[in-house]
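All of the numbers you see were taken from the coordinates with simple rules; none came from a lab. Keep in mind that this is a model prediction, so the values were computed, not measured. Methodologically, a virtual Cβ is constructed for each residue, glycine included, from the backbone with ideal geometry; neighbour enumeration extends over all protein chains shown.
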Protein chains: 4
Amino acid sequence: MNLVNVAVVGASGYSGQELLRLLVRHPGVELVCVTSRQYAGRTIGEVYPRFEGRKFARLKFTGSDAAAVVASGARFAFLALPHGLAHEYAAPLLDAGLRVIDLSADFRLKDPAVYEDFYGVAHPAPQLLSRSVYGLPELYRDHIRTASLIASPGCYPTSILLPLIPLMRQRLIDPKSIVAASLSGVSGAGRKTEVDYLFCECNEDARAYGIPKHRHLSEIEQELTTVAGEPVVISFAPHLIPLNRGMATTIHANLGPGVGIRDIAGALTEAWKSEPFVRLKGETGSADIKNVAHTNFIDIAWRHDPRTGRVVLMSAIDNLVKGASGQAVQSFNILGGWAETVAL
Amino acid sequence: MNLVNVAVVGASGYSGQELLRLLVRHPGVELVCVTSRQYAGRTIGEVYPRFEGRKFARLKFTGSDAAAVVASGARFAFLALPHGLAHEYAAPLLDAGLRVIDLSADFRLKDPAVYEDFYGVAHPAPQLLSRSVYGLPELYRDHIRTASLIASPGCYPTSILLPLIPLMRQRLIDPKSIVAASLSGVSGAGRKTEVDYLFCECNEDARAYGIPKHRHLSEIEQELTTVAGEPVVISFAPHLIPLNRGMATTIHANLGPGVGIRDIAGALTEAWKSEPFVRLKGETGSADIKNVAHTNFIDIAWRHDPRTGRVVLMSAIDNLVKGASGQAVQSFNILGGWAETVAL
Amino acid sequence: MNLVNVAVVGASGYSGQELLRLLVRHPGVELVCVTSRQYAGRTIGEVYPRFEGRKFARLKFTGSDAAAVVASGARFAFLALPHGLAHEYAAPLLDAGLRVIDLSADFRLKDPAVYEDFYGVAHPAPQLLSRSVYGLPELYRDHIRTASLIASPGCYPTSILLPLIPLMRQRLIDPKSIVAASLSGVSGAGRKTEVDYLFCECNEDARAYGIPKHRHLSEIEQELTTVAGEPVVISFAPHLIPLNRGMATTIHANLGPGVGIRDIAGALTEAWKSEPFVRLKGETGSADIKNVAHTNFIDIAWRHDPRTGRVVLMSAIDNLVKGASGQAVQSFNILGGWAETVAL
Amino acid sequence: MNLVNVAVVGASGYSGQELLRLLVRHPGVELVCVTSRQYAGRTIGEVYPRFEGRKFARLKFTGSDAAAVVASGARFAFLALPHGLAHEYAAPLLDAGLRVIDLSADFRLKDPAVYEDFYGVAHPAPQLLSRSVYGLPELYRDHIRTASLIASPGCYPTSILLPLIPLMRQRLIDPKSIVAASLSGVSGAGRKTEVDYLFCECNEDARAYGIPKHRHLSEIEQELTTVAGEPVVISFAPHLIPLNRGMATTIHANLGPGVGIRDIAGALTEAWKSEPFVRLKGETGSADIKNVAHTNFIDIAWRHDPRTGRVVLMSAIDNLVKGASGQAVQSFNILGGWAETVAL
């Protein structure tokens, strides 16, 4: 297999580490550059002892400088930066002809006004929004193939969109009735040294947060609106639960008039039956985090509640894989012409 | 303080243990009888080493026999049995003049037909249903005071009813629009030796289950219906999360026409402001399990979502305390004339 | 019961919180002052929502100023400060006639040279070392009763000294052969916002650390040396394990010539049989953290290994209770003339 | 790559599952038979939903019958059975010409008398003991290559032997002085439905067990004795800690006369420097479970304690990988002529 040169910008967080884990396994990748302000000058193996003895363990982190990334000869760059910083790299890297896969939320919204509404600041590089493709392969595979800038979606949108999109497309549910609750492992909050994420603050605890207007609602609603052809606004309740990785989402929605559970099953099957990473668990199966942990799968199960006229959709993903780095690698495989499941 | 003789029937599960922990601290209780088929002949301290050195540690478990309970001289009996067995003890104990606090679901429903619908078998002692009082002190304090049979509610109903009741009473929300998601610690499943509850099956896992018709929906809807004065049917999604004890519940409901967040705050405050175990955390506070763990408190927070017109209610309890044994002791305090907070 | 005025200096860490939890339950305590640089001006209930609705919840934190503590009228002061700061408070508080219970390691060593050897700096207030009493009630109850400065021992020393002291006293084991391994819950590391103590760094992880010369070895060896009447140096391996609270310690030592397991059992029984917080579990029992969690007990079990000629001692405590705040309250009870078990 | 037919006998426990996970990734393996009494007739994907969508997911479990295994055409068979059952399969499979890799302890001891001493029953097939090779590749790679029966060691022996063997070989430590403490994740106890392994019994708990004569001591001492050329008896304290997978071991031993830490480092480096799965972390590194989780690595660190004259060795492995299934696959790779790291 021909090797392509790849850079990872900002590899010091949990999704950065997971990205390295996957790229180590990728037979087509030559990792030529990893950047980290904090760890510049030290090798991957020194910073993350879990990688010692693995491929690329001796590669040194460089400071976070777009010119250095370009100079490394990388043709693809993953950006695994905190929200709000990606544009500083994306613009010069794109100008230099690299193809960029951004794991942050910075390029996921099409409308700068929506960005400002949810993020509280003007978008720093609105001109890039029109170039970017929302990197959910199940929805935008063909656009991804030829894109130069991928805005790879995170865990909440992925776990909510994949169950809902087929139902919205066929207008099987009432868009106004959607209520989603998600349970996220603590790695979803990143590797921040804040009291809230200390072991003793999270262990034996669980709580809802970010209600009612979590930032990622903006992209969820953008994509649902596109599919529905009408403005969609939903309720979303994220929760933090005490596990390292994984996300379970449960969604309630009113069925449209005359819609039955067979229509639901049919729509999901038709939409996702050929997808390599979507597993449909049906009306009796369940969506358990442990079955998707450390994989790029999303498991989707559903139930009909004839008492309320609602459908209940359940999904499970690994927030660091299908909800972050695995999804980014899936897009990378599409971009680079590899089989979509390589390294996943 | 005068001592009263108390029996605990079926003290071998997690709520039984928690009950013992609380009764040990109760200055008015003389524990005269604990029963357990499995542990008959052994002392509390032998079976549960955590109680060694504590009051009552040398009391021996007797076999599970109602006559023995009566013979022990107990005037109050707690029943901490698996669902479906309580009636075998409740009837003879009531006949012998004891006051009975049952922690199971057996006497919580008023209508035997609803019981049969949700539990799949005919109620074994329907005549007792009319005698029982639903043991939620915040709702039925006055009835509890003079009752002989208390049906003490469990964790799901408690965590859902206390936030919703004040809103239903004042018709602030649309009863048809209620969607509740609850996250339960594993002790909620009891001390069952099943693969599903092994450490390695629960740790680093989370999942929804029992959707769409969990048994405890029946009592939740019964109480909401009573308050609303019209039949209420809701959506309910229980989830199992990897912690020992605690429950977090998030409820969405459509606000009625013209209803604002002040009405919500007002209704909750008016209803619960004098309750010793309800803490209202308001529109900015949160409902975290760690703040209620090992206590009898329920924390309730709320948010208005003007985008969807919904109110979001969040509650947190310790499933073994306010969601089981603490609640039972609270009722016991009311029955026995102690201050409601004794031992809690 | 007469109330005495009590202050807690530095109440913002995990042992500070646990101290508050215990003092809230103490019928003889009027909490008149809590200090915290970080939280000055806010109430206990605001900073720690778990205390809302409890006694003292509305008491405000004051800045960390010894004069303010004196002015509060406190007659007893607990110091729950990071190591190295206690002397700034102890000296003026003692001068003002308060009795001081320090939870840090600052006054536990008798020899300033040993302090400097293990802590790397000269002791800041060596004159206080001779005034302080090592606050292990099982060893120094009579000294504690009349002391003005208590140096309350932490979790590692407590879990190692209580099993070993009786054996050393009777010269049943070879002092040179002692090897102790301890497993500590993460709260033992304090409430530090460092990457190492983030949930995702501790969960699903365990590791030895601080080998071979952990700071607390100094006080362990000091006390063993005192009992043995000859210099004792031991091996000690602390480990961090993924739970909030608790410590399990396993100690190996060579039995002296002719010593049998009955001698071991005899020495432990004779030494601790009347202690309210020591539970001897014998040759078949075990020392499980879950049996001591949230209590002031230490459980001690032992085994004879005829193959190696060693005795194996196992102990379990709650690191925040018998290993910190519970032990301090036990000393406080002795100082103040309450029953030793009050609030514990 | 040529495919070889492989069978897994008894694939329903945790090491069986992990074995399947690794074999799915192995490019040289055609899985032709999996057996399980409990799951006969159901597919791997049905029983373990995590494997759905993966290679071999549709293979059905057959009943546990040696003849069926032979009939499947398998040339290699892994046995992942509870202790004591392996001989029922090993004998007929060997007779039929298969090469057998047993993950249990059944064929690890050379001396049937030692087996009876530690296991309490006579060995059921002593004639097989002389045919088996102890499957620790770092020790017996050449024997493994041509063996027909591999007795693959488990987690405790692996984590203790690899740090100790080089020091024993060069007589750097006093064999009589060895004290080992190991911390094991709960999966090490297997997938048993016993109260002791329920989530709520293990979570927030830790305890020593199996002291002083854990069964696996027998094979540890056998191997140490072989290397030392004299009988070696050690102290060993296993502990259960609340995580799914992983083992951390800390070993103390007295250094021989004149031996320094450079000798220790030298011996370990010389012995293991070319091993693909041994990572030497030196005198400043640490042995953390999280760095080896889900990998076949063993990390080994060490310290000198001049105060006691001891060396302290620390190791970390994933108990299900290097401590079970990964190690078995490593031997399989050697047997089959693949690169030793394939699938690992």
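Taking into account only those residues within the range A:179-193 that are small (Gly, Ala, Ser) and outside any loop (DSSP other than H, G, I, E, B), which is surrounded by the most Cβ atoms within 10 Å (Cβ to Cβ)? Restricting to residues being small (Gly, Ala, Ser) and outside any loop (DSSP other than H, G, I, E, B), the top hit is A:Ser187. I'd like to check something: does the range B:186-193 contain any residue that is more than 9 Å from every other protein chain (Cβ to nearest Cβ) and under 23 Å from the mean Cα position of the chain (by Cα)? For the range B:186-193, residues more than 9 Å from every other protein chain (Cβ to nearest Cβ) and under 23 Å from the mean Cα position of the chain (by Cα): present. Of the residues that sit in the range A:194-205 and are in a helix (DSSP H, G or I) and of a type in the set (Asp, Glu), which one is nearest to the other protein chains (Cβ to nearest Cβ)? Ranking the candidates gives A:Glu201 first. If only residues of the range D:198-213 that are within 27 Å of C:Val186 (Cβ to Cβ) and under 21 Å from the mean Cα position of the chain (by Cα) are counted, the one that is surrounded by the fewest Cβ atoms within 10 Å (Cβ to Cβ) is D:Tyr209.
Scanning the range B:266-320 for residues that are among the hydroxyl-bearing types (Ser, Thr, Tyr) and either within 13 Å of chain A (Cβ to nearest Cβ) or more than 21 Å from B:Glu340 (Cα to Cα) (or both) returns B:Thr284, B:Ser286, B:Thr308, B:Ser315.
Residue by residue, here is whether (1) more than 7 Å from every other protein chain (Cβ to nearest Cβ); (2) in contact with a Lys or Arg (Cβ under 7 Å, 6 or more places away or on another chain) holds:
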residue: B:Leu240; (1), (2): yes, yes
residue: B:Ala248; (1), (2): no, yes
residue: B:Ile251; (1), (2): yes, no
residue: B:Leu255; (1), (2): yes, yes
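Against the test of being closer than 24 Å to A:Ile261 by Cβ and more than 12 Å from chain B (Cβ to nearest Cβ), the options A:Pro166, A:Pro153 yield a single qualifying residue, A:Pro166. When the criteria are applied in full, C:Pro157 meets the requirement of being over 19 Å from D:Gly309 (Cβ atoms) and assigned to a helix (DSSP H, G or I). Among the residues here, C:Leu22 does not qualify as without any contact (Cβ under 8 Å) to a residue 60 or more places away in the chain and more than 29 Å from C:Ile211 (Cα to Cα).
Being more than 12 Å from chain C (Cβ to nearest Cβ) and on the phi < 0 side of the Ramachandran plot is the requirement here; does D:Ile211 meet it? Here the answer is no, as D:Ile211 does not meet what is asked.
If the condition is being in contact with a Pro (Cβ under 7 Å, 6 or more places away or on another chain) and not small (Gly, Ala, Ser), then the range C:328-341 contributes C:Gln330, C:Ile334, C:Glu340, C:Thr341.
Candidates D:Asp102, D:Asp117: the one that is buried (at least 18 other Cβ atoms within 10 Å of the Cβ) and of a type in the set (Asp, Glu) is D:Asp102.
This table checks each residue for (1) over 30 Å from D:Val114 (Cβ atoms); (2) buried (at least 20 other Cβ atoms within 10 Å of the Cβ); (3) hydrophobic (A, V, I, L, M, F, W, C).
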residue	(1), (2), (3)
C:Glu283	no, no, no
C:Pro306	no, no, no
C:Leu313	no, yes, yes
C:Ile317	yes, yes, yes
C:Lys322	yes, yes, no
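When you scan the range A:138-151, do you find a residue that is surrounded by fewer than 21 Cβ atoms within 10 Å (Cβ to Cβ), closer than 17 Å to A:Glu219 by Cα and without any contact (Cβ under 8 Å) to a residue 60 or more places away in the chain, even just one? Yes, the range A:138-151 contains at least one residue that is surrounded by fewer than 21 Cβ atoms within 10 Å (Cβ to Cβ), closer than 17 Å to A:Glu219 by Cα and without any contact (Cβ under 8 Å) to a residue 60 or more places away in the chain.
Could you tell me whether the range C:322-334 includes any residue that is outside any helix (DSSP H, G or I) and either farther than 15 Å from C:Phe78 by Cα or in contact with a strand residue (DSSP E or B) (Cβ under 9 Å, 6 or more places away or on another chain) (or both)? No, the range C:322-334 contains no residue that is outside any helix (DSSP H, G or I) and either farther than 15 Å from C:Phe78 by Cα or in contact with a strand residue (DSSP E or B) (Cβ under 9 Å, 6 or more places away or on another chain) (or both). For the range A:256-270, the candidate set comprises residues that are crowded, with 20+ Cβ neighbours inside 10 Å and under 19 Å from A:Leu161 (Cβ atoms); within that set, the residue that is farthest from the chain's Cα centre (by Cα) is A:Ile264. Suppose we keep only residues that are crowded, with 21+ Cβ neighbours inside 10 Å and of a type in the set (D, E, K, R) within the range D:214-236. Which one would you say is nearest to the other protein chains (Cβ to nearest Cβ)? Among them, the one singled out is D:Glu221.
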